[in-house]
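Sharing a structure, written as structure tokens. Questions coming.
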Amino acid sequence: MADFRVAVIGGDGIGPEVIDQAVRVAEAAARRHDGATLRWTRLPWSTAFYKQTGRMLPEDGWEQLRQHDAILFGAVGDPSVPDKVTVHELLLPMRRRFDQYVNLRPAYLFAGVPCPLSGKKPGEIDMLVYRENTEGEYAPVGGHLYPGTEHEVAVQTGVFTRRGCERILRAAFDAARTRPRKTLTSVTKSNAQVYGLGLWDAAFEAVRKDYPDVTSSSLLVDACAMDFVRKPEAFDVVVASNLFGDILTDLSAAVTGSIGLASSANINPTRQFPSMFEPVHGSAPDIAGKGVANPLAAVLSAALMLDHLGLAKAAAAVRDAVSRVLAGGTVRTPDLGGTNTTADMGDAVVAAIG
């Protein structure tokens, strides 16, 4: 029987609420469909932990995480503490320290989910966005000069490397090669950012030559944002830099019905380090503790984790269960126009798996 160790960080806000349901669903699916055991290590790292200890994680925290096969992460961020502490001392360093350079964010229009765009049919919007996850615009390079004065200067440097660009592009092309449409769109803004995005474009032109079976093209980010709304069904696999991928995937979640359905994977393809799986929605402090958050983004993130662990049957069972619950229409959290609770939705998915 396969046996995997998974670190669980519920984190802040609605994170613990939705992750609890994701754990229930993943455990049921792994056991029933792949005969696998998931051994969970609950780690209390959060804003509350920071307030108690002055750290977002203990001194040996990174080594603790390294002992696991995967990390299931809820959310981090609280209005009482600046993001430069919560996000920049846990979430972003994790991606870089464990070289989780592939950020995969699917966007799919499920049956039973109202689409804000008219005339879109279930399954018609079906894209995978590959976001570069360790450098680009989110690289921690920069600083302040004359802080707190009228002459203050802020410098934020985007870092693009040939290696970083090529490896995320190859990951996206590899994915496109496995999909029926075999189509890829590279997102750029090299007409304005001629150095960093110019290198991105050069890497795209070099890599695409190795994938003649994939239809590929380049699109400016502003045109891409417009087309995500105007004709999202035209996209298959999309690959973008750290900032562009982050913004565009919030938009893709909106056009497929709810950010409460938006899953993501932060993957280290070499498996030298654990990969991390998290919902896109963040900590949502305005609804934390009310029991109304949609857990399906966390549940679908757990399905991505099961795929990564090689538990393909379990992952497929989770996605099928989510599809059937949404299509059935009897269980709806408020973001989907209903009145059901987080636990109600978790119960429904677990029952569908069974």
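The values are calculated or read from the model by the stated rules, or taken from the named source; none is laboratory data. Computed from a prediction, not measured in an experiment: that's the story for all the values here. Neighbour counts are summed over all protein chains in view; Cβ atoms, including those assigned to glycine, are modelled from backbone coordinates with ideal geometry.
Condition check ((1) crowded, with 21+ Cβ neighbours inside 10 Å; (2) acidic (Asp, Glu)) across all residues:
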{"site": "Leu304", "(1), (2)": "yes, no"}
{"site": "Lys313", "(1), (2)": "no, no"}
{"site": "Val322", "(1), (2)": "yes, no"}
{"site": "Asp344", "(1), (2)": "no, yes"}
{"site": "Ala351", "(1), (2)": "no, no"}
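Working carefully through the options Asp201, Asp210, find the one that is modelled with pLDDT of 95 or more and part of a loop (DSSP other than H, G, I, E, B).
Asp210
Looking at (1) under 21 Å from Ser264 (Cα atoms); (2) in contact (Cβ under 8 Å) with a residue 12 or more places away in the chain, can you tell me which one Met56 breaks?
Result: Met56 fails condition (1) only.
Given (1) of a type outside the set (Gly, Ala, Ser); (2) out of contact with any strand residue (DSSP E or B) (no Cβ under 6 Å at 6 or more places or on another chain); (3) in contact (Cβ under 8 Å) with a residue 12 or more places away in the chain; (4) over 25 Å from Ser118 (Cβ atoms), where does Lys209 come up short, assuming only one miss?
All conditions pass for Lys209, except number (3).
Quickly run through segment 180-198 and pick out the residues that are in a strand (DSSP E or B) and either closer than 22 Å to Lys120 by Cβ or modelled with pLDDT under 95 (or both).
Taking segment 180-198 and keeping what is in a strand (DSSP E or B), we get 183-188.
Scanning segment 180-198 gives Thr183, Leu184, Thr185, Val187.
Let me confirm something: among Ile9, Ile19, Ile71, which residue is in the same structural domain as Gly310 (by TED's automatic domain parsing), part of a helix (DSSP H, G or I) and of a type outside the set (Gly, Ala, Ser)?
On the way: Ile9 fails: part of a helix (DSSP H, G or I); Ile71 fails: part of a helix (DSSP H, G or I).
Result: Ile19 is the single residue among Ile9, Ile19, Ile71 that is in the same structural domain as Gly310 (by TED's automatic domain parsing), part of a helix (DSSP H, G or I) and of a type outside the set (Gly, Ala, Ser).
Next up: What number of residues within segment 244-268 satisfy the criterion of being in contact (Cβ under 8 Å) with a residue 40 or more places away in the chain, under 21 Å from Trp200 (Cβ atoms) and assigned to a helix (DSSP H, G or I)?
Result for segment 244-268: 6.
Among the listed residues Arg39, Arg32, Arg24, which satisfies the condition of being among the basic types (Lys, Arg), assigned by TED's automatic domain parsing to the domain that holds Asn294 and not in a helix (DSSP H, G or I)?
Details: Arg32 fails: not in a helix (DSSP H, G or I); Arg24 fails: not in a helix (DSSP H, G or I).
Sole residue among the options that is among the basic types (Lys, Arg), assigned by TED's automatic domain parsing to the domain that holds Asn294 and not in a helix (DSSP H, G or I): Arg39.
Can I ask one more? Could you look through segment 69-90, keep only residues that are surrounded by fewer than 21 Cβ atoms within 10 Å (Cβ to Cβ) and in contact (Cβ under 8 Å) with a residue 40 or more places away in the chain, and pick out the one that is farthest from Ala36 (Cα to Cα)?
First pass over segment 69-90, keeping only residues surrounded by fewer than 21 Cβ atoms within 10 Å (Cβ to Cβ): 69, 79-85, 87-89.
Filter once more, keeping what is in contact (Cβ under 8 Å) with a residue 40 or more places away in the chain: 69, 79, 88.
Values: Asp69: 13, Pro79: 39, His88: 34 Å.
Checked segment 69-90; the qualifying residue farthest from Ala36 (Cα to Cα) is Pro79.
Kindly check whether there is at least one residue in segment 212-228 that is more than 28 Å from Cys115 (Cβ to Cβ), assigned by TED's automatic domain parsing to the domain that holds Val159, surrounded by fewer than 17 Cβ atoms within 10 Å (Cβ to Cβ) and not aromatic (Phe, Trp, Tyr). It would help to see each step written out before you state the result.
So the first thing to find is which residues in segment 212-228 are more than 28 Å from Cys115 (Cβ to Cβ), and the list is 212-213.
Subset that is assigned by TED's automatic domain parsing to the domain that holds Val159: 212-213.
Now restrict to residues that are surrounded by fewer than 17 Cβ atoms within 10 Å (Cβ to Cβ): 212-213.
After this cut, where a residue has to be not aromatic (Phe, Trp, Tyr) as well, the list is 212-213.
Taking every residue of segment 212-228 in turn, at least one turns out to be more than 28 Å from Cys115 (Cβ to Cβ), assigned by TED's automatic domain parsing to the domain that holds Val159, surrounded by fewer than 17 Cβ atoms within 10 Å (Cβ to Cβ) and not aromatic (Phe, Trp, Tyr).
List the helices (runs of 4 or more DSSP H) inside segment 296-354, counting only whole elements, that have at least 3 residues being touching a helix residue (DSSP H, G or I) at 6+ places or on another chain (Cβ under 9 Å), among the charged types (D, E, K, R) and closer than 21 Å to Asp3 by Cβ. Give the derivation first.
On the way: elements: 296-308, 312-328, 342-353.
The helices (runs of 4 or more DSSP H) meeting that bar number zero.
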